[in-house]
1. What about THR86, is it surrounded by 15 or more Cβ atoms within 10 Å (Cβ to Cβ), at pLDDT 90 or above and among the polar types (S, T, N, Q)?
2. Is there any pair with a first residue in the stretch 165-179 that is farther than 21 Å from ALA32 by Cα and a second that is hydroxyl-bearing (Ser, Thr, Tyr) and crowded, with 17+ Cβ neighbours inside 10 Å whose Cβ atoms are under 8 Å apart and which are 6 or more apart or on different chains, and what are they?
3. Please verify whether ILE33 is surrounded by fewer than 18 Cβ atoms within 10 Å (Cβ to Cβ), outside any helix (DSSP H, G or I) and within 14 Å of the chain's Cα centre (by Cα), treating the condition exactly as stated.
4. How many residues are farther than 19 Å from LYS199 by Cβ, in contact with a strand residue (DSSP E or B) (Cβ under 8 Å, 6 or more places away or on another chain) and open to solvent by less than 70 Å² (accessible area, probe 1.4 Å) when one looks only at the stretch 145-178?
5. If you take the residues in the stretch 36-62 that are of a type in the set (S, T, N, Q) and either open to solvent by 50 Å² or more (accessible area, probe 1.4 Å) or closer than 14 Å to PHE133 by Cβ (or both), which one is nearest to the chain's Cα centre (by Cα)?
6. Which helices (runs of 4 or more DSSP H) does the stretch 36-101 wholly contain that include 2 or more residues that are of a type in the set (Ser, Thr, Tyr) and touching a helix residue (DSSP H, G or I) at 6+ places or on another chain (Cβ under 9 Å)?
7. Let me confirm something: among LYS78, LYS65, which residue is of a type in the set (Lys, Arg) and either surrounded by 15 or more Cβ atoms within 10 Å (Cβ to Cβ) or without any contact (Cβ under 8 Å) to a residue 12 or more places away in the chain (or both)?
8. Could you check the stretch 186-217 and list, in sequence order, the residues that are among the charged types (D, E, K, R) and open to solvent by 80 Å² or more (accessible area, probe 1.4 Å)?
Amino acid sequence: MGLRINDTIPDLTVTTDQGTFSLHEWIGDSWAILFSHPKDFTPVCTTEFGAVAQLSDEWAKRSTKVLGVSVDGVEDHKRWKADIETVGRAPAGFPIIADDGLEISKAFDMLPAEAYLPDGRTPADSATVRSVFIIGPDKQLKLSMTYPMTVGRNFAEVLRALDGLQMSTGNGVATPANWNVGDDVIIPAAVSDEDAKAKFGEFTKVLPYLRTTKAPG
């Protein structure tokens, strides 16, 4: 059974290029992003890891930890990081899980339970290990996205989605299409006009079920 939104992620103990730890303990009170890749030393994945490295300050601003996953071993990860830093022109300070046993890939429903890595495998054998998972401090899955091998992920969109999740969590609002920090937010339809006025002050009624207001705080 795959993970669904609001499911608690499994508290697996993982081995990385920066040591062994439990996922829940590593996340702690932070937000976390788990981003997975089908193989080390592959072109699209290397550019993506470089993009993540470049955004280290942005992750820190959002109290968010990032954790890579690839179905190769620790020593491969350590060698690969030199290439990542060459492409990204930034230190790759985040850990990368060595998922050569496919435990993470199967637990997060990126590969079927019967999957295995054949001798002489290629990235095609683990092609669906191309996902992003955003996890809250409560250890629950908040968002997931899966990409094909040929399309590089847009980490500006991952940041935007993270901002939207952090805005909506605890503020009792939702975010509209193409929302960015500073834009108006949506008041949930379940909130009456009277309660919306008391909680948010002025709001705009675009439709009976679509009301917008300034973003809290």
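The values are calculated or read from the model by the stated rules, or taken from the named source; none is laboratory data. Bear in mind that the values here come from a model prediction, so they are computed numbers and not experimental data. Positions of Cβ are backbone-derived with ideal geometry, glycine not excepted, and every protein chain shown enters the neighbour counts. To get the accessible areas, we keep the full protein, side chains included, count just its heavy atoms, and leave off ligands, DNA and RNA. Shrake-Rupley method; radii C 1.70, N 1.55, O 1.52, S 1.80 Å.
1. On the way: surrounded by 15 or more Cβ atoms within 10 Å (Cβ to Cβ): no; at pLDDT 90 or above: yes; among the polar types (S, T, N, Q): yes.
Considered against the rule, which asks whether it is surrounded by 15 or more Cβ atoms within 10 Å (Cβ to Cβ), at pLDDT 90 or above and among the polar types (S, T, N, Q), THR86 comes out as no.
2. VAL173/THR213; PRO176/THR212
3. The answer is no for ILE33.
4. Result for the stretch 145-178: 7.
5. From the stretch 36-62, those of a type in the set (S, T, N, Q) are 36, 42, 46-47, 54, 56; that's our starting set.
Still in the list and also either open to solvent by 50 Å² or more (accessible area, probe 1.4 Å) or closer than 14 Å to PHE133 by Cβ (or both): 36, 47, 54, 56.
Values: SER36: 9, THR47: 17, GLN54: 16, SER56: 14 Å.
Here the residue is SER36.
6. 43-54
7. Values: LYS78 fails: either surrounded by 15 or more Cβ atoms within 10 Å (Cβ to Cβ) or without any contact (Cβ under 8 Å) to a residue 12 or more places away in the chain (or both).
Checking each option against the conditions leaves just LYS65.
8. Applying the first criterion (among the charged types (D, E, K, R)) to the stretch 186-217 yields 193-195, 197, 199, 202, 205, 211, 214.
Listed by number, the residues that qualify are GLU194, ASP195, LYS197, LYS199, GLU202, LYS205, LYS214.
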